[in-house]
Amino acid sequence: MKRTNLTATLFTAIGISAIAFTNTPYSIASAENLQDTQQLLSTKECPKCNLTGTGLVVADLAGANLSGADLSRANLSRANLMGADLTQANLTGASLNGANLAGANLSGAILDGTDLRDAYLVNAQLFGTSLNRAYIQGTIGIPLYAGTPEDFYAWGVVEAERGNYRAAIENYNQALSIKEDFAAAFLARGIARLRLSDEGGATQDAQIAGKLFTDQGNAPGYQASQNLIVLAEITKNPPKASDRPSLGNALLGIGSLLLQFLSPL
């Protein structure tokens, strides 16, 4: 994947949507889609409906048929959409923050600017759908086919920047399950492990990263790996308090290199 695409991935992952949503459950955006909204809430059958801007916060829409529906700018925050049919739905600018999408079918859905933060996507179908322009911090259960190794790596970097190291590690694991020689993912996972006081895991990942970076002719990556090994050893066997370096400051220098490895050499 080109660096420009990866920069866009990070930008959309870090950004916060400018759209303001109502916090009132089932509030209606306009009279034009009132009939469609009532149909959805009463029957859960609303394919190709006009639900633009509709407020459906915490709505129970489990198993609903919303295939081809226009849900652009709709507020579905924390809604129950378990097993819902959202194939080909337009979710541009919609909020699905914290929504339960377990087993939902989002194949072919438009997710430009869609807020999927903290959404639950376990067993959801995302074939033919791109997450590159969606907000996915804290999203759980993204399937492997829904992203490239570089995507999962970039998402992991974002989670690490937020201090969510366990979520970062899950993304790095996804990246490595697809691309086993992804040196930057090993390095980044090692940093996250060190943040979680797993010095042994950090050292192991740094050693693997160092070897891979050497094989790939990436000198800065190799040096960063060696620095991480030293930091892990210092953390495990710290010197006197007065001589002990700040772990946060020491990791900052390594962490600043992570974006450089989005397109590994």
Which numbered condition Val158 misses (of (1) under 10 Å from the mean Cα position of the chain (by Cα); (2) closer than 28 Å to Arg73 by Cβ; (3) free of Cβ contacts under 8 Å to residues at least 60 places away in the same chain): (3)
Check on Ile208, in a helix (DSSP H, G or I), surrounded by fewer than 24 Cβ atoms within 10 Å (Cβ to Cβ) and either not polar (S, T, N, Q) or not assigned by TED's automatic domain parsing to the domain that holds Thr139 (or both): yes
In the stretch 38-65, residue surrounded by the fewest Cβ atoms within 10 Å (Cβ to Cβ) [restricted to those that are outside any strand (DSSP E or B) and touching a Cys at 6+ places or on another chain (Cβ under 8 Å)]: Gln39
Filter result (in a loop (DSSP other than H, G, I, E, B) and over 20 Å from Val58 (Cβ atoms)) within the stretch 120-140: Asn123, Leu126, Phe127, Gly128, Thr129, Ser130, Leu131, Asn132, Arg133, Ala134, Ile136, Gln137
Any chance Gly68 is more than 19 Å from the chain's Cα centre (by Cα), assigned to a loop (DSSP other than H, G, I, E, B) and surrounded by 19 or more Cβ atoms within 10 Å (Cβ to Cβ): no
Given the conditions (1) buried (at least 18 other Cβ atoms within 10 Å of the Cβ); (2) at pLDDT 95 or above, which single one is not true for Phe261? (2)
Among (1) over 21 Å from Asn164 (Cα atoms); (2) in contact with a helix residue (DSSP H, G or I) (Cβ under 8 Å, 6 or more places away or on another chain), the one test that Lys211 misses: (2)
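Per-residue answers, yes or no, for (1) surrounded by fewer than 20 Cβ atoms within 10 Å (Cβ to Cβ); (2) touching a Lys or Arg at 6+ places or on another chain (Cβ under 8 Å); (3) part of a helix (DSSP H, G or I):
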{"site": "Gly83", "(1), (2), (3)": "yes, no, no"}
{"site": "Ala102", "(1), (2), (3)": "yes, no, no"}
{"site": "Asp112", "(1), (2), (3)": "yes, yes, no"}
{"site": "Asp118", "(1), (2), (3)": "yes, no, no"}
{"site": "Ile169", "(1), (2), (3)": "no, yes, yes"}
{"site": "Tyr172", "(1), (2), (3)": "no, yes, yes"}
{"site": "Ala175", "(1), (2), (3)": "no, no, yes"}
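The values are calculated or read from the model by the stated rules, or taken from the named source; none is laboratory data. Nothing here was measured: the structure is a model prediction, and the numbers come from that model. FYI the Cβ positions are ideal-geometry reconstructions off the backbone, even for glycines, and counts take in every protein chain you see.
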